[in-house]
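Please read the structure below before turning to the comments.
The values are calculated or read from the model by the stated rules, or taken from the named source; none is laboratory data. From a predicted model like this one, the values you see are computed outputs, not experimental measurements. Neighbour counts are summed over all protein chains in view; Cβ atoms, including those assigned to glycine, are modelled from backbone coordinates with ideal geometry. Please note that ligands, DNA and RNA were not included when accessible areas were found on the heavy atoms of the full protein model with its side chains. Shrake-Rupley method; radii C 1.70, N 1.55, O 1.52, S 1.80 Å.
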Amino acid sequence: MTQSIDDLLVDKEKENSSAIQLNKKLTDIKEDRLEKEAQQKAADLGLEYIALKGFPISQEAISLINDKEAQEMKLVCFALLEKSAKLATTDIDNEEVNNFIEKIKAEGKKVDLYFISQKSFDYAFGFYASLPKIREKKTGVKVTKDDIEKYKQEDLSFSKIEKIIKGLDTSDKIVAIISTAIQVNASDIHIEAQQDGVKIRYRIDGVLNLVASLESNSWSKIVSRIKLISGLKINITDKPQDGRFTIHLKGEEVDVRVSTIPTSFGESVVMRLLKATQASMGFDSLGIKGRSFVDLEKQIKRPNGMIITTGPTGSGKTTTLYGILRKLNSPENKIITLEDPIEYKLEGINQSQIKKDKDYNFASGLKSILRQDPDIVMVGEIRDLETADTAINAALTGHLVISTLHTNSAAAAIPRFLAMGVKGFLLSPSLNAIIGQRLVRKVCKHCKKEVAIDNEIMTQVLNILGSIPDNSGSKLTDEELNNLKFYKGEGCQHCHGLGYKGRIGIYEILIMSQEIEKTILDNKVSEYIIQSLAQENGMITMLQDGLLKAKDGITTIEEVFRAAD
């Protein structure tokens, strides 16, 4: 007797049900085996084990790590309290897991790490779908405008800075250090682990000043916090690292560049504070005066040729280049820069960043830039023959090229080019002007007082100022030389007791002349010969320019001799 269709369907349903039950049983057996394997591996690793299936995971916990990072690290947070976090991973050997744990610890939370199976991870990862939107967890490590304002004070002395910093926890210590550094207009913050403690120094107007000393036991927390803010790896202490972060203040941004290197007693940390307003100095405000200003202005307005700035690191070369670019920036000019790194953003100018790992250096980058049909090109630095040759050919073919060279004087730039291998017959027609420069501190106008000068020093000053060329436009009369007055700051609340506030450039502007061109072509070049010819042509030296500024009460004799002698 044949079965009815209904009976056949019932039998089929029973078979399917049995198959499903069998598959479920096999799956349960497999999952149980995998859980036991995970439990055994956790024991072997010395870690706690947990099975997360059925565990209620909150949105706050799962969102501690974003879904992309969770998948990459095989790491989830399954329980989050105010002062602790419970994390679970399937990949204990992943270095990023340890980095993330250090980040959470640096925020003051206790971390418990568990080992889990892949099934537990998949279960926990499913909770990301319950989040109302995918969002990045804010870990509270950013330095904000409100943080900076919290430690803003009038009459901020170094002793006050130390008192403020010492009375805070680690997170607030870092904020206070940055805030007070910005207030005193520091360019760099140095935090150094030494044998007898932690030293904090600010570079103000080019000079380092000790502002605070802390106990040695605070060092590890301080450096971890700084690394956390600037995106560095907390657990790496034996290799140099570079990071950065930005603080958005009212009316400006401060770009903070962080560098760490290993030292004998711990890592040395330096934070450079780059303010956008520092790039806003115009050409007219650089401190170039008289005939030097007129001559240089004429040279930068030429449609082609090279303008070179020289001086050691920290002598203000970039500020001078930016001042020139701001002077030339107009809708009619296409300006492209090649920098390493881009220190400040300039509106209306195309700025390109060197990327050495992608073979985009000054030489190759300059060749690419010239295919962009620029009128004016800025090259951050000329270091080698290939870059020098490309820059010179650009200057000879209708482009204005401005760049820097590391020499101690304007006159030394020409022998330096020739030593690189540049051909003299190409160099001489391509150069418009060479700027030698240094930065000196300005006397604080609030505590400036006239000072007496030692006879020996005054004699030296009179000899230098008395040798200013007649055709320079700045020659002093005998009456002026006999009535020189000089000044110094006594120290007040406005300058934090230093006697100086702000900096200004001292310059020598070497304009190419027929005599200098002939010397290059005749291959009779030396720094001394070029210097002598330039002075005969009316060039004022950096030392003379500095002493003229000291005579006018802008800086001090000591500063000028420190920077330029």
Assuming R0 = 45 Å, can you tell me the calculated FRET efficiency for the pair Lys105 and Thr313, based on Cβ-Cβ distance, to the nearest 0.05? 0.75
Lysine pairs within the range 465-565, Cα separation less than 16 Å, 8 or more sequence positions apart or different chains: 8
With x for Gly and Pro, the residue-by-residue ³J(HN,Hα) of the range 407-422, computed from phi through the Karplus equation 6.51 cos²θ - 1.76 cosθ + 1.60 at θ = phi - 60° and given in whole Hz, is 9, 7, 8, 5, 5, 6, 5, 5, x, 5, 4, 5, 5, 5, x, 5
The farthest towards the positive end of the charge dipole of the chain, of the residues Asn483, Gly380, Tyr360, given +1 on Cβ of Lys and Arg and -1 on Cβ of Asp and Glu, is Asn483
Between (i) 145; (ii) 159; (iii) 236, which matches volume of the Cα convex hull per residue in Å³ calculated for the structure shown? (iii)
How much of the DSSP beta bridge set in the chain is antiparallel, as a percent to the nearest 5? 65
Any chance you could count the Lys pairs in the range 190-310 whose alpha carbons are under 20 Å apart, treating pairs 8 or more apart or on different chains as valid? 8
Distance from the range 80-116 to the range 232-267 (C-alpha centre basis), Å: 23
Tally up the carbon and sulfur contribution to the accessible surface of the range 175-263 as a whole percent, 1.4 Å probe, everything protein left in place. 47
Can you run the Rg to Rh ratio on the range 243-328? Use alpha carbon positions and the Kirkwood inverse-distance Rh. 1.12
To the nearest 10 square angstrom, how much accessible area does Ser130 have with a 1.4 angstrom probe? 60
Accessible-area ranking of Lys475, Lys30, Lys199, largest first, probe 1.4 Å: Lys30, Lys475, Lys199
Largest-first ordering by accessible area, 1.4 Å probe, given options Ser292, Ser403: Ser292, Ser403
Calculated FRET efficiency for the pair Leu45/Leu81, C-beta based, R₀ 30 Å, to 0.05: 0.80
Virtual paramagnetic centre 7 Å along Cα→Cβ of Lys485, amide N under 13 Å, in the range 535-565: 551-554
Charge dipole (debye, nearest 20) of the range 359-485; +1 at Cβ of Lys and Arg, -1 at Cβ of Asp and Glu: 360
In the range 494-549 the accessible area split gives carbon plus sulfur, as whole percent at 1.4 Å, a share of 48
Simple label model, 7 Å out from Cα along Cβ direction - Ser157 to Ile342, nm: 4.4
Assign unit charges at the C-beta atoms only (+1 for Lys and Arg, -1 for Asp and Glu), then state the dipole size of the range 274-345 relative to its Cα centre in Debye, rounded to the nearest 20. 200
What number, in percent, do you get for the relative contact order of the chain if the mean sequence gap of Cα pairs under 8 Å and at least 6 apart is divided by its residue count? 10
If you take the square roots of the eigenvalues of the alpha-carbon gyration tensor of the range 296-347 and sort them as a ≥ b ≥ c, do you get rounded (a/c under 1.5), prolate (a/b over b/c) or oblate? oblate
Solvent-accessible surface (1.4 angstrom probe) belonging to Leu286, in square angstrom, nearest 10: 10
Can you compute the charge dipole magnitude of the chain about its Cα centre, using +1 on each Lys and Arg Cβ and -1 on each Asp and Glu Cβ, nothing else charged? Give it in debye, rounded to the nearest 20. 820
Given the options Leu156, Ile509, Pro240, identify the residue whose Cα lies farthest towards the positive end of the charge dipole of the chain (+1 on Cβ of Lys, Arg; -1 on Cβ of Asp, Glu). Leu156
Accessible area per residue, Å², the range 272-370 with all protein chains present, probe 1.4 Å: 47
Two-site label geometry, Leu521 and Asp373: point separation in nm, points 7 Å out along Cα→Cβ: 3.5
What ranking of Phe115, Phe265 comes out by heavy-atom accessible area, probe 1.4 Å, highest first? Phe265, Phe115
Accessible area of the range 424-565 divided out per residue, in Å², using a probe of 1.4 angstrom: 48
